1. Give the residue, chosen from Q360, Q396, Q366, that is modelled with pLDDT of 90 or more and either closer than 30 Å to M268 by Cα or outside the structural domain of T345 (by TED's automatic domain parsing) (or both).
2. Hey, among S81, S177, which residue is over 30 Å from the mean Cα position of the chain (by Cα) and of a type in the set (S, T, N, Q)?
3. Residues in the range 228-237: is at least one modelled with pLDDT of 85 or more, outside the structural domain of K126 (by TED's automatic domain parsing) and not small (G, A, S)?
4. I'm told A216 meets every condition in (1) of a type in the set (A, V, I, L, M, F, W, C); (2) modelled with pLDDT of 85 or more; (3) part of a helix (DSSP H, G or I); (4) over 14 Å from the mean Cα position of the chain (by Cα) except one. Can you identify the failing condition by its number?
5. Just wondering, is there one or more residues in the range 225-238 that are touching a residue at least 12 places away in the same chain (Cβ under 8 Å) and in contact with a Lys or Arg (Cβ under 6 Å, 6 or more places away or on another chain)?
6. Consider G161 against the criteria (1) at pLDDT 90 or above; (2) out of contact with any Phe, Trp or Tyr (no Cβ under 9 Å at 6 or more places or on another chain); (3) at negative phi: it satisfies all of them except one. Which criterion is unmet?
7. Pull out all pairs, ordered by first then second residue, where Cβ-Cβ is under 9 Å, the residues are six or more apart or on different chains, the first lies in the range 31-55 and is among the hydroxyl-bearing types (S, T, Y), and the second is buried (at least 21 other Cβ atoms within 10 Å of the Cβ) and part of a loop (DSSP other than H, G, I, E, B).
Amino acid sequence: MSFKENVLPKLTQGVVKFSENKYVRVICYGMMAIMPISLVGSLAMILAGFPFIPAPVRAVCTLGTQIASNLITVYAVIALSSVMAKECKQDAVASVIMAVACFFILTPIRSFEKIQAIELSYLGSKGMFVGIIVSMLSARFYAFLMDKRIFIRMPEAVPRGVAKTFEAIVPGFILLSAALVLNTLFRLTPFGNMHDIVYTFLQRPLQNLGSSIWSAVLLMFLAELLWFFGIHGSLVTSSILTALFATQAYANMEAVSSGAQPEFILNMFFMDSFKGPRALALATLLLLYCRSARLKAVGRVAIFPSVFGITEPMKFGIPMVLNPWLLIPMTLSAVISILIAWGATLIGFLPIVSLNISKQMPPIIQGFMAAGWQGAVIQVIQYVVIVLLYIPFLRQVDRIELATESAEKQAGSGA
């Protein structure tokens with residue numbers, strides 16, 4: 001009782017406060033907004049890999065993948081600044097324009113003989129952290145200037161659309177001037193630009209942390225542990241997953257689209273595809289293994305959503321939330337699944353994942369699309385392991401439910 005009354009409310013309050021932080025929400029929803037781009041790029045990469053595809057079609061598909069992966073930071077800047085503007089209740093169009101302009105000011109322009117151009121690496125995965133930082137700070141500072149009414153005020157007779165254009169002039173001048181000053185200061189450093197500084201001191205260390213299997217395991221465990229307390233763990237950990245594993249995912253996609261070999265085993269696409277068919281495994285057990293009428297009813301309701309990775313009917317129907325009998329399989333199933341897929345990749349059985357496959361894709365199909373027939377085999381193995389992990393714990397839950405149902409029937413017949 002003391003845990004539920006004292007510890008749990010404080011834990012919930014702290015986690016909710018973190019998940020509702022403005023910058024955490026912006027990263028979470030902003031990066032979710034660019035998922036369709038990477039999904040389309042991944043689909044184009046799959047089509048380009050078929051041997052019977054004509055060369056012109058393969059060239060078009062390769063171009064689609066390159067446009068998705070090599071410019072991913074530009075899309076992130078647009079998405080994140082737009083979400084930040086909405087969080088701050090400011091004009092999204094003006095915020096996006098300012099953020100994109102600031103990003104390009106801070107991105108070095110190289111001279112290639114008589115041509116001046118921006119290296120694609122700065123617009124792809126390598127520039128991701130600069131894009132995140134610049135987009136959020138520029139949109140937030142623009143909102144601050146507008147909130148403080150540091151803009152040209154037009155007479156009320158002027159149409160609102162025209163007035164908004166003039167209102168953006170002063171904040172835009174301040175923002176772009178600040179970006180130009182920062183660009184000058186960064187050029188005076190040994191690195192020569194903001195991108196290389198951020199990549200050296202922030203992005204590369206985080207990539208090294210993201211290359212650790214223990215980071216992946218900890219985040220998988222934490223997400224499910226939060227779910228045990230009734231908190232949407234995936235939403236809480238998504239911004240951390242993005243920071244640690246997103247750049248590796250897009251780097252792999254860039255490598256494959258350019259004809260090179262992917263490098264990073266642990267990446268966001270890998271994590272999304274090989275967390276294991278946990279929902280389907282548990283729903284199958286409820287439907288076919290459990291004898292309790294109530295648990296079977298939960299299984300009937302949950303079986304179809306579970307095919308698409310939806311666990312809420314079971315989380316709150318069994319319930320799994322605050323159910324001590326299910327804490328171990330609930331928190332370890334994703335961990336074990338990731339370890340299985342990681343080990344299979346290390347030994348060379350499972351190809352390194354470089355495709356973004358929707359998390360709602362049914363198991364086996366998802367594994368096949370992400371990593372060929374080997375991916376499908378791994379998901380079958382994960383399914384079997386998860387079923388075996390849940391059986392001893394679910395057996396006890398089933399016994400308790402059967403005893404409860406039997407007592408209720410006896411009480412009803414006695415009345």
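The values are calculated or read from the model by the stated rules, or taken from the named source; none is laboratory data. Treat the numbers as computed from the prediction; the structure is a model and nothing was measured. Counting neighbours? That spans all protein chains shown, and the Cβs are built from the backbone with ideal geometry, glycine included.
1. Testing whether each residue is modelled with pLDDT of 90 or more and either closer than 30 Å to M268 by Cα or outside the structural domain of T345 (by TED's automatic domain parsing) (or both) leaves just Q366.
2. S177
3. yes
4. Of the numbered conditions (1) of a type in the set (A, V, I, L, M, F, W, C); (2) modelled with pLDDT of 85 or more; (3) part of a helix (DSSP H, G or I); (4) over 14 Å from the mean Cα position of the chain (by Cα), the odd one out for A216 is (4).
5. no
6. The number of the failed condition is (1).
7. From residues that are among the hydroxyl-bearing types (S, T, Y), the pairs are S38/L355; S38/N356; S42/S354; S42/L355; S42/N356; S42/I357.
So that you can scan it fast, the table gives a plain yes or no per residue for (1) in a loop (DSSP other than H, G, I, E, B); (2) loosely packed, with under 15 Cβ neighbours inside 10 Å; (3) touching a residue at least 60 places away in the same chain (Cβ under 8 Å); (4) basic (K, R):
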{"position": "G299", "(1), (2), (3), (4)": "no, no, no, no"}
{"position": "F304", "(1), (2), (3), (4)": "no, yes, no, no"}
{"position": "I310", "(1), (2), (3), (4)": "yes, no, no, no"}
{"position": "L322", "(1), (2), (3), (4)": "yes, yes, yes, no"}
{"position": "W325", "(1), (2), (3), (4)": "no, no, yes, no"}
{"position": "P329", "(1), (2), (3), (4)": "no, no, yes, no"}
{"position": "L332", "(1), (2), (3), (4)": "no, no, yes, no"}
{"position": "S354", "(1), (2), (3), (4)": "yes, no, yes, no"}
{"position": "Q366", "(1), (2), (3), (4)": "no, no, yes, no"}
